Amino acid sequence: MSDFANLRDGGRRLGPALRAALSAESEPLILAAIPNGVPVALGVVEVLPLPVRGLPVDRREDGAFVQPMPDLAGRCVVVVDDGVETGAVAVAAAAALRASGVGRLVLAVPVCPRDALAHLQHRYDLVVAVAKPMGRRSLTWHYADFDTIDEPEALRLIAALPPA
């Protein structure tokens, strides 16, 4: 049995946990990992209305790469993605955003295996996940419909949101 109906449902279910985690923060910003973090972020903002920007991720043979974003210095930033499988995107995002001088750094995903959770807690101030399975599996296993999108669709969805 799947944990979530689709990516947006994963975000809707993530929203309440994220609300509790961010209750003391003023003006947190969601950075949705492009592409599949975008539908998850759209589900989150249905429950927790926050500004959303895209987080471009360059996926290479040797892993993921994220450019620093200096305009985020001092802000509380929430990285939202479809889940943690290898952790490459989460690690790359943390490195780039720490280099950018963000104030508080939160990772919010519907699925994060417990061994990855322990590893990522050293890179993020907080990791919020709905499903925390004992072992790693393909993310597709956790979604009844792993309705992935491509980068142009992710950018179109982000552009349709109010400016962050």
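The values are calculated or read from the model by the stated rules, or taken from the named source; none is laboratory data. Just so you know, these numbers come straight off a predicted model, no measurement behind them. With ideal geometry, Cβ positions are generated from the backbone for all residues, glycine too; neighbour counts draw on all protein chains shown.
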*Matching option when the condition is crowded, with 20+ Cβ neighbours inside 10 Å and of a type in the set (Gly, Ala, Ser), among Ala118, Ala131, Ala93*: Ala93
_Residues (closer than 14 Å to Ala164 by Cα and either of a type outside the set (Gly, Ala, Ser) or in contact with a Phe, Trp or Tyr (Cβ under 8 Å, 6 or more places away or on another chain) (or both)) located in region 23-37_ = Glu27, Pro28, Leu29, Ile30, Leu31
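Listed here are the residues, each with its yes/no results for (1) of a type in the set (A, V, I, L, M, F, W, C); (2) closer than 20 Å to Arg123 by Cβ.
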site	(1), (2)
Ala17	yes, yes
Pro35	no, no
Pro39	no, no
Leu42	yes, no
Pro51	no, no
Val66	yes, yes
Asp81	no, yes
Ala93	yes, yes
Ala96	yes, yes
*Which of the residues that make up region 89-125 are in a helix (DSSP H, G or I) and acidic (Asp, Glu)?*
Asp115
*asked:* All but one of (1) more than 20 Å from His122 (Cβ to Cβ); (2) touching a His at 6+ places or on another chain (Cβ under 8 Å); (3) not acidic (Asp, Glu) hold for Val47; state the number of the condition that does not hold.
replied: (2)
_Unmet criterion (only one of (1) in contact with a Pro (Cβ under 8 Å, 6 or more places away or on another chain); (2) buried (at least 23 other Cβ atoms within 10 Å of the Cβ)) for Ser100_ = (2)
_Residues of region 59-90 that turn out to be surrounded by 13 or more Cβ atoms within 10 Å (Cβ to Cβ), over 21 Å from Ala21 (Cβ atoms) and of a type in the set (Val, Ile, Thr), as a count_ = 1
*asked:* Looking at region 5-21, I want the residues that are touching a residue at least 24 places away in the same chain (Cβ under 8 Å) and under 18 Å from Thr140 (Cβ atoms) and have a partner that is buried (at least 22 other Cβ atoms within 10 Å of the Cβ) and acidic (Asp, Glu) with Cβ atoms under 6 Å, at least 6 apart or on another chain. Which pairs are those?
replied: Leu7/Asp82
_Given the options Gly83, Gly103, name the one that is in contact (Cβ under 8 Å) with a residue 40 or more places away in the chain and either of a type in the set (S, T, N, Q) or touching a strand residue (DSSP E or B) at 6+ places or on another chain (Cβ under 6 Å) (or both)._
Gly83
*If we keep just the residues of region 148-162 that are loosely packed, with under 12 Cβ neighbours inside 10 Å and of a type in the set (A, V, I, L, M, F, W, C), which is farthest from Ala33 (Cα to Cα)?*
Ala160
*Could you tell me whether region 48-66 includes any residue that is modelled with pLDDT under 95, charged (D, E, K, R), in a strand (DSSP E or B) and out of contact with any Lys or Arg (no Cβ under 6 Å at 6 or more places or on another chain)?*
yes
_Condition first: over 19 Å from Leu155 (Cβ atoms), in contact with a Gly (Cβ under 8 Å, 6 or more places away or on another chain) and assigned to a loop (DSSP other than H, G, I, E, B). Now tell me which residues in region 67-88 satisfy that._
Ala73, Gly74, Arg75, Gly83
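Right, Ala32: crowded, with 22+ Cβ neighbours inside 10 Å, closer than 16 Å to Ala93 by Cβ and touching a residue at least 40 places away in the same chain (Cβ under 8 Å) or not?
yes
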